[in-house]
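Report on one structure; see the data block that follows.
The values are calculated or read from the model by the stated rules, or taken from the named source; none is laboratory data. Please read these numbers as outputs of a predicted model, since none were measured by experiment. In this analysis, Cβ positions are derived from the backbone assuming ideal geometry, glycine residues included, and neighbour counts consider all displayed protein chains.
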Amino acid sequence: MIKAILIFNNHGKPRLIRFYQYFAEDMQQQIIRETFHLVSKRDDNVCNFLEGGSLIGGSDYKLIYRHYATLYFVFCVDSSESELGILDLIQVFVETLDKCFENVCELDLIFHMDKVHYILQEVVMGGMVLETNMNEIVAQVELQNRMEKSEGGLSTAPARAVSAVKNMNLPEIPRNINIGDINIKVPSLSPF
Amino acid sequence: MSDVVEKTLTALPGLFDSQTGAAKITNRLRQLIKSITELTSKHEEENLIKQELSAMKEQVSSPNTTMKQMREIMVRAMYCEMLGYDASFTYIHAIKLAQQGGLLEKRVGYLAVSLFLNEGHELLLLLVNTVLKDLQSTNLIEACMALTVVAQVFPKDMIPAVLPLVEDKLSHPKEIIRRKAVLALYKFYLIAPNQVQHIHAKFRKALCDKDPGVMTSSLHIYLQLIRESPDSYKDMTGSFVTILKQVVGGKLPLDFNYHSVPAPWLQIQLLRILSLLGKEDQSTSELMYEVLDESLRRAEMNHNITYAILYECVKAVYTIHPKAELLEKAARCIGNFVLSPKINLKYLGLKALTYVVQHDAKLALQHQMTIIECLDHSDFTIKRETLELLFRITNAQNVTVIVEKMLDFLRICNDEHTIIHLVGKVAELAEKFAPDNSWFIQTMNDVFSIGGDLLQQDVPNNFLRLLAEGSESKEEDDQLRLYAVDSYLTVLKGHTSHLPQCFLQVMSWVLGEYAHLQESVDQREVIRLLTQLLDQRSVSSETRVWILSALTKISEGQTDLILDLAESLSSSQDTVLRQQAQELRHLSQDSQLHEWALPRGAPWDGIEVDSSLSFLDGFVSEALAAGAAPYKPPHQRQEELCEDRALNLEPYGFSLPVSLSSCSITDRQSPTLLSVSSGLSGNSTELSQKAGSSTLILEGVKRVWGKDGYLPQKEATAPPVDEPSAAVQPPSQQEAAERIEPRPDPSTQNQDKQQLASSLFVGLGVGSSMSLLGKSEAPPLRFRKKPRPHESSSSSSGTSERSSDSSSRSSRNTTDSFLYSSLLEEEPAASISAFDHTPKSTTANGLAQNKDTKEDRRANTSQILGGDMVIVRPSTIQDKHPPSVSSDLTALLPADLKDLPHSDVISLTSDPSLSLSSCRLFRDEALLLVIFISNCTETVIKDVAVQLTCEELKTVSLRGSVGSVHSLSLGHCPQQTSSVRPLVVTTEEYGKLWLSLSHDVKQNLKLLTDAGDPLRTTLNALKDALQLHVVDIIGSEGIVACRLLSGAPCLLHCRVNGTALAMWLRSPHPALPDCILYHCQRALAHH
């Protein structure tokens, strides 16, 4: 089971929070803070697993995370999930975001929190992995988007606006969630 | 950064000129986000969000707000909630959106609901109808949304309402709907397993679905089901193997490939299922060898995800019944993981090693250098995993090095969770493998000072118990205690303010108990050190109590110091301290009283306990005369309380049939049918268990008064006494030379590591005498740890034995030792001590239980010599009986004993001249052991001296007239059940008694089904075997009662539950139910 999915940026600002197990509101915030604290102090060259945070349920749980440029994607899972499997699931999720938002960046996540949630719903449902095939996920999301368009095309405007923003020259914001990382597949491991 | 965003956002309105309406709506969120980024402090953010929320509140309650605006408000509310602000006023609107809106509104509404509400939220009830409607909708998206929300949050009691609809979806033409329906059902199964029991067949259908996606989803369910009961799904092994074979063989559509690996997540899931199925099951495992081999072979491509599959494969290979060829391949895989430069793979490799090392220690040996490198790795997670691995391979030879590594890690670690976890392990290792006393004490000192007050309470408890009970010889125990005392004195002389409370408590207890062992240290010095602690502010009041108890124990003869102290404390704010100070003063002034209350050293059993509290009689009668209400025991109060509520609470009264029948409906309810009382008793059990686990603390803090009144009898059972009959060999000390101490040499680092390796992995090699698997068998344990709950009393049974001549033995003590020793059956010394009570109790009754058959069946005069042997001197020897007639021996029983129920005569042992048989007689108040000594020779034997060594009762020496000594050993251990007597009560009395008993145990036992009335047959079998009294049998339930010789009752409530007998036992004694249960199990198994 996946217990929670947390996305926050390098400063610990939450960008998307999804709990699949009930925690009281203040507990949720504490978990976010503690997770950020744990994850942010780790170098990029250490492993992507963290064990036994005391908040989300003790030693059976682990945090599996990936760091893309300005964002951390953290999945909190129990022992019934495969570590490497979840790691690749994060990759699938991010690649899907990239495809849906055409070069996803942190701003997309901020301004389209609801859309990101809809995409996530097609990947993980109630804590269980529903779909791991990117094309399938995109197909489902597009199906929903068509329905949106049929409602009069109003809601497409913000997307256009954001892509306009993105095309503006804003050198100081690390805008993209490290596109390189997303477009280039996970570097292959050294052969046995 | 914020001004950049601002620039960006101020540029935005220009883009929206053409679509003002939409722009305005979305602008609100943008505005909000923009303003938040501009802020510098948390406080400002709070204010801003508060404003925003109140604006939203106004907006949602306005009738002019359109659906679109509502949608936008919802997103803003989600944003606020994500930041941790309460937007609960929007919850109801989220539900409204889902209820009333079009598709887009529904989508936002459902999303908001699943983010905002939890399963127990009352508003969810309003959603049920909407979900029902949407589930029936022909619109694919609506149905999908409904299924999603059902799987995310749905009230448990509403599941039956939607269940049929979700079930129908399993045969929906669309694959995505079927898949979501399967996951929704899985969720239902997790929340309320019994509600979906009837659709297991449909799960199978889902597994066979033509769409692989649906099949994948159904594996979630199967993984869970198989984890719960692997045996029920063994028949499906073939199917899972076939599926995996097809997947591995690339039979799935290319869509399912991920980085050209066919459906990796599906493979992982299947491998997990297979390993669960094949665990400890050879025939099932054989089915999967081929496909595992195939997976291992195929997965040699180089992508992350293939390693995920490989890892699962390796785990599966090591979990199922082993096959050499596969193990070899898996071992190679692990090697690749461990040696990989990829840190994630290294982590998994270490995990795999940790998992595997129990089966194959050599593997750890192979990778020792890598492991050592990982030990110094910069990654915290890797280090921790390495230590976990080392923990598994610890043995008596490498323990010092490994523990040192762990302590090093702990000193720099600041994660609370890790510290608690690891410190417990260090303590465990230290206890198990300590090479010598000083190392052990030193390590435990580190454990206490590092772990501090994070430590779980059982660590100090175990440690103190170990010190108190000792293990082997008295000298060794005293040596250990002496070390502890010395070491603590040194610690206390240094800085003490930083020491954790728990460490201070341990130290004060040990000093209080054992400071007198150290003769070279002035007791005044000890008192001074402890008193100093009392003056420190950082010391908590609980610790102060510990310290004061210690002071009380060592105060003897130091009246001047103590009086000062008591004086200064008598004005303390803490009433407990004040009371203790009073006690301290009294005790120090009256050395006789001190000696009597706190005897030093071993003779704890000498304490006379007036358990009837008769010395308070005067006080009580005075109080009664003054009009005080008479005392009612707690259970009586409870009953009266219940009566006040005008419910009939008598479980086995006249209303019995009714209550029993409804009881069986409600299943697993208390027989009292009263959740109140069962809840209460449950609590009390818990409490008493807690108290049991912390007995040591109670010992240390000599509490005289407790919940149940005067307490010292507890202490009589608990204090440290070494078991007189401990038959355990002292452990062979590990030679210090065997261990190579790792002393870093800066010049040759590599050599250094080699050395470390050799010290870490010593004892793991093939040729080594130590087998890793043999953790349980091989290493001689330094501190023999006795089974937890029984230890204190089993030792006390030894002591009570020693004092068997003392006329005032507390009967409670006897029971305890019976109980505990019977639980400890595998330990001969202890079980025999139970047996020992026979001589005691019978001699107390003035009855001789050792009869010589040659002796006219006349009672002998028996003497007790030295408290632990009985000598019987027959006056004449006349008749001869061939040993073969032992079956008739019962006829020779003395007349006054003949009518008693008795066991069969068991031939104990014999040699050419004499034979010994024994028979147990059950008297109400005692167990009599009759020993028949038969002369097998033709010659008359005169003057037989029977020496019965009660302490061990293994050997009985017989001295014949010739002067030669025959030593015959009693091979047979008497059964502990001998002390159980039927308790004859009426059903009504039973019911009352049941309520008053606190300790209960429940378990399912085998039902003897071979007869027409299984319950009656089973109970009768138990009755015959254990001397129980069957009180009543009503329908499928029966109640049975018994008691111990000493009077402690035990009530058994049995109910037929399918093919099992659900047994519920209650007793005032914590261990009695377990003990009786154990014997019931045995009796039924033998039947």
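Here are some notes:
- Condition met for B:ALA352 (aliphatic (A, V, I, L, M), in a helix (DSSP H, G or I) and away from chain A (no Cβ under 12 Å)): no
- Residues satisfying the stated conditions in region A:76-109, i.e. at the interface with another protein chain (Cβ under 9 Å from one of its Cβ atoms), charged (D, E, K, R) and over 30 Å from B:ARG272 (Cα atoms): none
- Filter result for A:ILE2 (away from chain B (no Cβ under 11 Å) and under 22 Å from B:VAL113 (Cα atoms)): yes
- Residues of region B:517-535 that turn out to be surrounded by fewer than 22 Cβ atoms within 10 Å (Cβ to Cβ) and in contact with a helix residue (DSSP H, G or I) (Cβ under 7 Å, 6 or more places away or on another chain), as a count: 9
- Screening B:THR394, B:THR443, B:THR370 for residues that are polar (S, T, N, Q) and at pLDDT 85 or above leaves exactly one candidate, B:THR443.
- Against the list (1) in contact (Cβ under 8 Å) with a residue 60 or more places away in the chain; (2) basic (Lys, Arg); (3) in a loop (DSSP other than H, G, I, E, B), the condition B:ARG537 fails is (1).
- No other residue among B:GLN523, B:GLN536, B:GLN501 is within 18 Å of B:ASN445 (Cβ to Cβ) and polar (S, T, N, Q) apart from B:GLN501.
- Taken as a whole, the condition of being at the interface with chain A (Cβ under 10 Å from one of its Cβ atoms), buried (at least 20 other Cβ atoms within 10 Å of the Cβ), on the phi < 0 side of the Ramachandran plot and hydrophobic (A, V, I, L, M, F, W, C) applies to B:LEU345.
- Among the residues making up region B:56-70, a single one is farther than 12 Å from B:LEU32 by Cα and crowded, with 21+ Cβ neighbours inside 10 Å: B:MET70.
- Scanning region B:42-70 for residues that are free of Cβ contacts under 8 Å to residues at least 40 places away in the same chain, closer than 19 Å to B:GLU105 by Cα and outside any loop (DSSP other than H, G, I, E, B) returns B:MET56, B:LYS57, B:GLN59, B:VAL60, B:SER61, B:MET67, B:MET70.
Residue-wise test of (1) within 14 Å of B:ILE92 (Cα to Cα); (2) assigned to a helix (DSSP H, G or I); (3) within 13 Å of another protein chain (Cβ to nearest Cβ); (4) touching a residue at least 24 places away in the same chain (Cβ under 8 Å).
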| position | (1), (2), (3), (4) |
| --- | --- |
| B:ALA112 | yes, yes, yes, yes |
| B:GLU119 | no, no, yes, yes |
| B:VAL128 | yes, yes, no, yes |
| B:ASP134 | no, yes, no, yes |
| B:THR138 | no, no, no, no |
| B:ALA143 | no, yes, yes, yes |
| B:THR148 | no, yes, yes, yes |
| B:ALA161 | no, yes, no, yes |
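- Just so you know, in region B:292-313 the residues that are of a type in the set (A, V, I, L, M, F, W, C) and in contact (Cβ under 8 Å) with a residue 40 or more places away in the chain include one that is nearest to the other protein chains (Cβ to nearest Cβ), and it is B:ALA308.
- Of residues in region A:15-50 being more than 7 Å from chain B (Cβ to nearest Cβ), charged (D, E, K, R) and not in a loop (DSSP other than H, G, I, E, B), the one surrounded by the fewest Cβ atoms within 10 Å (Cβ to Cβ): A:ASP26
- B:ASP209 passes every criterion in (1) part of a helix (DSSP H, G or I); (2) touching an Asp or Glu at 6+ places or on another chain (Cβ under 9 Å); (3) away from chain A (no Cβ under 12 Å); (4) not polar (S, T, N, Q) apart from (1).
- For region B:94-126, a residue qualifies if it is buried (at least 22 other Cβ atoms within 10 Å of the Cβ) and more than 42 Å from the chain's Cα centre (by Cα), and the qualifying residues are B:ALA94, B:ILE95, B:LEU97, B:ALA98, B:LYS106, B:ARG107, B:VAL108, B:GLY109, B:TYR110.
- Counting residues in region B:180-192 that are touching a Lys or Arg at 6+ places or on another chain (Cβ under 9 Å), away from every other protein chain (no Cβ under 14 Å) and buried (at least 17 other Cβ atoms within 10 Å of the Cβ) gives zero.
- So B:GLN224, is it over 20 Å from A:GLU81 (Cα atoms) and either among the polar types (S, T, N, Q) or in contact (Cβ under 8 Å) with a residue 60 or more places away in the chain (or both): no
- Qualifying residue in region B:77-97 (condition: at the interface with another protein chain (Cβ under 10 Å from one of its Cβ atoms) and touching a strand residue (DSSP E or B) at 6+ places or on another chain (Cβ under 6 Å)): yes
- Complete set of residues in region B:1022-1053 that are within 14 Å of B:SER1067 (Cα to Cα) and part of a strand (DSSP E or B): B:ILE1039, B:VAL1040, B:ALA1041, B:CYS1042, B:ARG1043, B:LEU1044, B:PRO1049, B:CYS1050, B:LEU1051, B:LEU1052, B:HIS1053
- Residue within region B:210-221 that is surrounded by fewer than 19 Cβ atoms within 10 Å (Cβ to Cβ) and acidic (Asp, Glu) present: yes
- Of all residues in region B:377-401, those being more than 14 Å from every other protein chain (Cβ to nearest Cβ) and within 26 Å of A:ARG42 (Cα to Cα) number 1.
- Scanning region B:355-369 for residues being surrounded by fewer than 19 Cβ atoms within 10 Å (Cβ to Cβ) and free of Cβ contacts under 8 Å to residues at least 40 places away in the same chain gives a total of 1.
- Filter pass, B:ALA396 being assigned to a helix (DSSP H, G or I) and either crowded, with 19+ Cβ neighbours inside 10 Å or hydroxyl-bearing (Ser, Thr, Tyr) (or both): no
Yes/no matrix, rows are residues, columns are (1) under 35 Å from the mean Cα position of the chain (by Cα); (2) at pLDDT 90 or above; (3) surrounded by 15 or more Cβ atoms within 10 Å (Cβ to Cβ); (4) more than 10 Å from chain A (Cβ to nearest Cβ):
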site: B:MET236; (1), (2), (3), (4): yes, no, yes, yes
site: B:LYS251; (1), (2), (3), (4): no, no, no, yes
site: B:PHE256; (1), (2), (3), (4): no, no, yes, no
site: B:SER260; (1), (2), (3), (4): no, no, no, yes
site: B:ILE273; (1), (2), (3), (4): yes, yes, yes, yes
site: B:LEU277; (1), (2), (3), (4): yes, yes, yes, yes
site: B:ASP281; (1), (2), (3), (4): yes, no, yes, yes
site: B:LEU327; (1), (2), (3), (4): yes, no, yes, yes
